[in-house]
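**Student:** Take this structure first; my questions come after.
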Amino acid sequence: MGERWYTESVIYCLDVETFQDSNGDGIGDFQGLIGRLDYLTRLGVNCLWLSPIHPTPGKDDGYDVTDFYNVDPRLGTLGDFAELLHQAANRGIKIIIDLVVNHTSDEHPWFQSAISSPDSPYRDWFVWADKEPSDRHQGMVFPGEQAETWTYNRKARAWYYHRFYNFQPDLNFTNPQVRAEIKKIMAFWLQLGVAGFRMDAVPFIIELTEPGNPNSPMDFDFLSELRAHVQWRRGDSMLLAEANVEPEKLPEYFGDSGGSGNRIHMLFDFMLNVRLVLALARQNPEPVIEWLRTTPKLPAGGHWATFLRNHDEIDLSRLTAEQRDDVFAEFGPDPDMKLYERGIRRRLAPMLGGDRTRIELAYSLQFTMRGTPVLRYGEEIGMGEDLSQQGRYAIRTPMQWSFDNNGGFSAAEPIRPVISKGEYAYQKVNVTAQRHDDKSLLAWFERMIRTLRESPEVGNGTCTAVDQPLPPGVLAHRADGPTGSMLFLHNLGTDDVVADLSSLAADTNHPNDVFADKEYPEVGDFSALTLGPYGYRWIRLKRENV
């Protein structure tokens, strides 16, 4: 991979505790993950994003941290983690970890010291108010589960701020000591060998909270400080940020007003995510076309991370009420499929009714968009969700490896139930079964990722919608870069269609299909490009010798 390796990657996100148990205690661990690295290599993954790995009381699935300089002992030791980094590097796989520093656990020694006395050296590491703030009941991240963002602590005799749950007090980023500590934490893990960080809740890290002010100022310069710090510690390190904000604010996360890309390397493209889901629900590509045309211009080095499913709900809050209703009707019609009044807590395969052709279409769409694709563990075999689990745990069930007990995840009672009933039970959906079927979804993902690797213009080139008359439901877009040009066709509808793109034929050189849902007639002069229902075609227009 090149210097900007993140533009050439396929990122696979997983939670160590639900991936593979190696010692029979029912909890996934680092040694178990090491044992599955060859599987990930064969899949085509070259970057792993690990959900929180730090010690935690476990009230929010690891996002409540009690020690930023260690690993959860249930997962193994720091030595085990170092060995994971080594073994992954041997296979050409980089590892990034979750950086959850907007808040700590209320059991963290810093907070326990802070509430013990107004004179505690850690008192000002958190955000306090002597009187009940007027915005106490505003800004909740989890509607329905969270009633306030300020909570009174009797021991401290003051109100403390928590953008998330009340057991996750926010750190005070106006305090230089806190900012220095965050840099120290990042330097520690970079020194150990991680390649970067997926930064959780970045808008709240740069929010300089003021009691009673629901629109507190934002310090984007802190992102520039973090970028400079990590680049000095490890030149090829990468910051991937979670910032689900308004489109006009996105460029500020990448760089300053002068156009320098001196902040975050890569942002999750939440706007594309909801438009992909809306397009699939309506069988109409217009939402995607609109976003491709209106996406803010990024500074040099800035990059998008695309995704269909991740560890959270699909957040539809940036759609209109009518658009949300259409998506809910198609993909989340039942009340228990919805979450926080804004999202869907399902995996993609059951959302699409288990329709293999639609699943392929959806992931072909994602993987051909500009940016770096992020794939959630288990999506490559079409895992389902367990709606009997609370909240987002529905989509955080253990990986299904085989027909063995608990899907081969663990010989003991697993930390979370493995799906064992219905169409998505491990007896029907698992890696072993699909490994023996060259037409399986797993085999399809392997072929798609190999083809993507041979098409570097997808990640590094421009991505534009082809502005030509097309049949209803058809999206045509192209990727152009120094290595050549690719054309992508996707039929979101249920009818056979024929597209005339003969205007593109002149600027081609031996065009040919390199990946498709089935065998299609030769490309010819582009005047009769056929697509089946939910069909897709990746067409190499030309290749440059560079």
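**Student:** What are the pairs, 6+ residues apart or on separate chains, where a residue within segment 128-139 that is closer than 10 Å to Tyr161 by Cα has its Cβ under 9 Å from a residue that is hydroxyl-bearing (Ser, Thr, Tyr) and in a loop (DSSP other than H, G, I, E, B)?
**Tutor:** Close Cβ pairs (under 9 Å, with a partner that is hydroxyl-bearing (Ser, Thr, Tyr) and in a loop (DSSP other than H, G, I, E, B)) amount to Pro133/Thr149; Arg136/Thr149.
**Student:** The conditions are (1) modelled with pLDDT of 95 or more; (2) more than 19 Å from Phe445 (Cβ to Cβ); (3) charged (D, E, K, R), and Glu380 fails exactly one of them. Which is it?
**Tutor:** (2)
**Student:** Further question: Restrict the check to segment 16-27 and report whether at least one residue is touching a helix residue (DSSP H, G or I) at 6+ places or on another chain (Cβ under 9 Å) and closer than 20 Å to Phe111 by Cβ.
**Tutor:** no
**Student:** Residues that are surrounded by 15 or more Cβ atoms within 10 Å (Cβ to Cβ) and more than 23 Å from the chain's Cα centre (by Cα), at least 3 per element: which helices (runs of 4 or more DSSP H) completely within segment 407-480 meet that?
**Tutor:** Here the list reads 431-435.
**Student:** Pick from segment 307-324 the residues that are open to solvent by 10 Å² or more (accessible area, probe 1.4 Å) and among the charged types (D, E, K, R): which of them is farthest from Leu14 (Cα to Cα)?
**Tutor:** My answer is Glu322.
**Student:** Is it true that Trp401 is buried (at least 19 other Cβ atoms within 10 Å of the Cβ), farther than 30 Å from Leu487 by Cα and touching a helix residue (DSSP H, G or I) at 6+ places or on another chain (Cβ under 9 Å)?
**Tutor:** For Trp401, the condition - buried (at least 19 other Cβ atoms within 10 Å of the Cβ), farther than 30 Å from Leu487 by Cα and touching a helix residue (DSSP H, G or I) at 6+ places or on another chain (Cβ under 9 Å) - is met.
**Student:** I'm trying to understand the selection: among the residues of segment 162-186, which are surrounded by fewer than 18 Cβ atoms within 10 Å (Cβ to Cβ) and either of a type in the set (Asp, Glu) or within 23 Å of the chain's Cα centre (by Cα) (or both)?
**Tutor:** The answer is Glu181, Ile185.
**Student:** Could you please give the count of residues in segment 196-222 that are within 21 Å of Tyr63 (Cβ to Cβ) and within 24 Å of the chain's Cα centre (by Cα)?
**Tutor:** Of the residues in that region, 13 qualify.
**Student:** If you check Glu380 against the conditions, is it acidic (Asp, Glu), crowded, with 17+ Cβ neighbours inside 10 Å and in a helix (DSSP H, G or I)?
**Tutor:** So Glu380 passes the test.
**Student:** Report the residue count in segment 484-501 for those that are closer than 15 Å to Ile539 by Cβ and outside any strand (DSSP E or B).
**Tutor:** 2
**Student:** Whether any residue in segment 535-546 is over 22 Å from Glu446 (Cα atoms), among the β-branched types (Val, Ile, Thr) and not in a loop (DSSP other than H, G, I, E, B) is what I want to check.
**Tutor:** no
**Student:** Which residue pairs have Cβ atoms closer than 7 Å, lie 6 or more positions apart in sequence or on different chains, and pair a first residue in segment 41-52 that is closer than 9 Å to Ser9 by Cα with a second residue that is open to solvent by 10 Å² or more (accessible area, probe 1.4 Å) and in a strand (DSSP E or B)?
**Tutor:** Listed by first residue and then by second, the contacts come to Asn46/Lys94; Cys47/Lys94.
**Student:** Another question, if that's okay. Mind checking which residues of segment 111-130 are assigned to a helix (DSSP H, G or I) and under 17 Å from Leu208 (Cα atoms)?
**Tutor:** Answer for segment 111-130, where residues must be assigned to a helix (DSSP H, G or I) and under 17 Å from Leu208 (Cα atoms): Arg123, Asp124, Trp125.
To keep it simple, each residue is scored yes or no on (1) touching a residue at least 60 places away in the same chain (Cβ under 8 Å); (2) surrounded by fewer than 21 Cβ atoms within 10 Å (Cβ to Cβ).
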| site | (1), (2) |
| --- | --- |
| Asp25 | yes, yes |
| Gln31 | no, yes |
| Gly35 | no, yes |
| Asp61 | yes, yes |
| Asn70 | no, yes |
| Ser105 | yes, no |
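**Student:** Only one of (1) touching a strand residue (DSSP E or B) at 6+ places or on another chain (Cβ under 6 Å); (2) open to solvent by 40 Å² or more (accessible area, probe 1.4 Å) fails for Pro214. Which number is that?
**Tutor:** (1)
The values are calculated or read from the model by the stated rules, or taken from the named source; none is laboratory data. Given the structure is predicted, the values throughout are model-derived calculations rather than measurements. In this analysis, Cβ positions are derived from the backbone assuming ideal geometry, glycine residues included, and neighbour counts consider all displayed protein chains. Ligands, DNA and RNA are stripped out before the accessible areas are found, and what is left, the full protein with its side chains, is counted by its heavy atoms. Shrake-Rupley method; radii C 1.70, N 1.55, O 1.52, S 1.80 Å.
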